[in-house]
Structures are given as structure tokens and as C-alpha cells.
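Written below as C-alpha cells is the structure these notes are about.
The values are calculated or read from the model by the stated rules, or taken from the named source; none is laboratory data. No experiment lies behind these values; they were computed from the predicted model shown. Cβ atoms come from the backbone with ideal geometry, glycine included; neighbour counts cover every protein chain shown.
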Amino acid sequence: MEPKKYQYIDSLRGIAVLLVILVHVGTVLDNTTQYFPQEGLLLNIIHNGAYGVQLFFVVSAFTLMMSHYNRLDEPDKNRNFFIRRFFRIAPMFYLAIVYFTFFRYVNIDFPHFDFSPVPLKCLLSEATFTSSLFPPFTNNYVPGGWSVSVEFLFYLSLPLICSKIKNFNSALILFFSTLLFAIIADPIIKANTYHPYYHSFNFFIQLPVFPLGIIGYFYLNRKEHDIKPVSWIFAAILILIFCYIAIPKNIMFSLVFVLLLIIQAKYSFKLFSNRLLAAVGKVSFSMYLVHFALVYFFNKIHFSYVLGIDGFGTSFLNFILMYAIVVTLTFVISSLTYRLIELPGQNIGRRIIKNLNKK
């Protein structure tokens, strides 16, 4: 994969993590938006930064399809896929588990650590990437861990998806099927679970986002007559259904994101694809996890102001400054964790695959 050719992919990841940091500076970091109009456009924009996660999902599905078709002739490709993905995700995520174990639960009294408050079932679900399946454990250990679970569960389903979904038409059917399932499941989940995060963050509600990235891949790599006329009729019917049924907001944002991906793949506008965004995107997984640790630490030391606040103007300026501080420090720390943790972890995965291939 040539870095320059695919700069737009890293840039989109950069945009995704900057959106996610935006919402958490506005909603998790103490009192940064206390003077903002409560029903105003500004707060709405900040809160919608949460949908940067869906941009991650769309880009992930798109790049995984690229990788799949680049490795069609690889021996034991499914085994190697899981090894690569585990060692891409696990090292940094397990470090986050260790950090939040001590930050949230363990009484640090060296050398006498008290681990009794640690919720072991929740810890196990987090370590096995299954927390988004269980209401009591979803997003209750590592902040943002729900999305890592959703992503990893999608990995588990990908070999089956790739064996069945081979063109734009079948990808569109996959999207419709998973969306229909999510729409049916949503009120059932809402009525039968009382855990605040599970309704929005469970795997089943998020699953339809990934087929949009697959649709984007097949659209950009379509062959002549690959998209049948019935597909456009099917798409029109789908849009008509959207007019009468409340579609989850994460799906609406994801539709925008897949269009942005297609546009960037074809035209690569500098506003959305440049070296700065690509540099952020390259370390975006570390940034996703590190910024939570930083924001929680700032709350603990009561650091959410860099100037006096007496109204909307100073509050807005303080928000911008705190956002800049969090992004900058997160990027610096993440550049280190990328080199010291992520890359070595990926290299371990490569060595394991190399050794297994020799047998």
C-alpha cells in the first residue's frame, strides 16, 4: 500500500479521532461548556463529534476489504487475518485496561495493592473484546472500549462476509439486512435493558455501519455492469423506507462518511486529505485510547481552565485552548505508544505468521 496513494485513508482516520476528542473535551472534561447555550448549534456540533467512531468503522471495513482482496492467494489467510488484527489491537488496548484498572479500581499503596474492587467479569469481557454483547459491561471499564469490542466482533464475522459478499449488489443487501435487524432489535433492547450505554453502544445496533464501508469498496472497484439496475431500484426503495421509519443517527452520519470516503478516493481534496491529518490518522488508535486517559487525569487534578471564565466568550476560548492542549498532548504521547507498543505488537504478529507458514 503506497502511503501517498492512500493518504486519504489515514486522513479520514485523523478526522475521526479529532471528532471523538472534540466530544469528550466538551462532555467529559469538567465544565468546559458550562456557558454554552444548551439548545444551540455549537453544543450540537460538539456532541455529534461522537459519530467520529462511525467514521472509524466505515474506514475499517473499507480497508479490510482492500486487504482481503490483496491477500486472496495467501495460505491460511483467515488464521493470519485474526493474528494480524489481534496484534494490531490488543497490545495498546491491554495497556489501556491496565491503566484504567489502577485509575478506577485499585488503591495504590505501594507495595500493598488492593485489587478486590476490580470487577472481574467486566474485566474479562473487556479483555476478550466481548463487552458490547453484555449490557452490564458495555463501556464500563475502559472508556470507549465498547467500540473496540464492536470492531473486534466485526473481525470475527468478516471471513463469512467475504465468502458471501463479492460485489456491490450483495453488499447493498447486507446493509439492508443488518439495518432491518438493527431497527427490529432496537426497541426490544431498549425495553429489556436498563444499562445506559448498552442501547447505543451494543454490537447489533452498530453492525449496519460496516457494510457501508464494504459498499464503498465495491463501488470504487466496480467492473463494467457490476452494479445491476435492480440495485438502484433497491437503493431507492431503501431511501423511501428512510422517509417513513426513524433511522438511527449513527447510520445517517455513516452514510455521509461513506460518501466522503468515495469522494476522497476519487478526488482527494486537500481539506480532507493532507499530511497533517494523515500524521494524526497514523497514530489514531493510540490517540483514541490515550485521550481518554488524559481527560480523566485532567479531571482528577482539576485542570479544565487555562483562563478565567465569566461568560460565553471566555468559555468558548477556554474550550478551544483545552481542545488544542488535549489534542497536542494526546498526539505526542500517542506517537510514542505507536512506536513503542503498536509497531512492536504488529511485528510480533508478523513473526508468528512467518513461523506458522514455515511449518
Response to the item:
Subset of segment 87-103, residues more than 16 Å from the chain's Cα centre (by Cα), within 17 Å of Asn139 (Cα to Cα), buried (at least 16 other Cβ atoms within 10 Å of the Cβ) and not aromatic (Phe, Trp, Tyr), comes to Leu95, Ile97, Thr101
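Check whether at least one residue in segment 244-251 is within 20 Å of Phe152 (Cβ to Cβ), surrounded by 16 or more Cβ atoms within 10 Å (Cβ to Cβ) and free of Cβ contacts under 8 Å to residues at least 60 places away in the same chain, and report yes or no.
Pass one, segment 244-251, residues within 20 Å of Phe152 (Cβ to Cβ): 250.
Applying the additional criterion that residues be surrounded by 16 or more Cβ atoms within 10 Å (Cβ to Cβ) yields 250.
Checking which are free of Cβ contacts under 8 Å to residues at least 60 places away in the same chain leaves us with none.
Taking every residue of segment 244-251 in turn, none turns out to be within 20 Å of Phe152 (Cβ to Cβ), surrounded by 16 or more Cβ atoms within 10 Å (Cβ to Cβ) and free of Cβ contacts under 8 Å to residues at least 60 places away in the same chain.
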Worksheet item: From the list Ser334, Ser286, which one is within 30 Å of Tyr105 (Cα to Cα), free of Cβ contacts under 8 Å to residues at least 60 places away in the same chain, polar (S, T, N, Q) and surrounded by 17 or more Cβ atoms within 10 Å (Cβ to Cβ)?
Response: Ser334
Worksheet item: If the Cβ limit is 8 Å and pairs must be 6+ apart or interchain, which residue in segment 170-185 that is in contact (Cβ under 8 Å) with a residue 40 or more places away in the chain and crowded, with 21+ Cβ neighbours inside 10 Å pairs with which residue that is charged (D, E, K, R) and part of a helix (DSSP H, G or I)?
Response: none
Worksheet item: When you go through (1) surrounded by 13 or more Cβ atoms within 10 Å (Cβ to Cβ); (2) in contact (Cβ under 8 Å) with a residue 24 or more places away in the chain one by one for Asp76, which number turns out not to apply?
Response: (1)
Practice prompt. Would you check if Tyr155 is under 28 Å from Pro143 (Cβ atoms), under 18 Å from the mean Cα position of the chain (by Cα) and either acidic (Asp, Glu) or modelled with pLDDT under 95 (or both)?
Written response: no
Worksheet entry | Number of positions in segment 219-254 that are modelled with pLDDT of 95 or more and within 16 Å of Ile173 (Cα to Cα) | 0
Worksheet entry | In segment 348-359, the residues that are touching a residue at least 40 places away in the same chain (Cβ under 8 Å) and either farther than 27 Å from Lys282 by Cβ or loosely packed, with under 12 Cβ neighbours inside 10 Å (or both) | Leu356, Asn357
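Listed here are the residues, each with its yes/no results for (1) within 22 Å of Asn250 (Cβ to Cβ); (2) among the polar types (S, T, N, Q); (3) surrounded by 14 or more Cβ atoms within 10 Å (Cβ to Cβ).
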site	(1), (2), (3)
Ser11	yes, yes, yes
Ile15	yes, no, yes
Tyr35	no, no, yes
Leu43	yes, no, yes
Gly52	yes, no, yes
Phe57	yes, no, yes
Arg85	no, no, yes
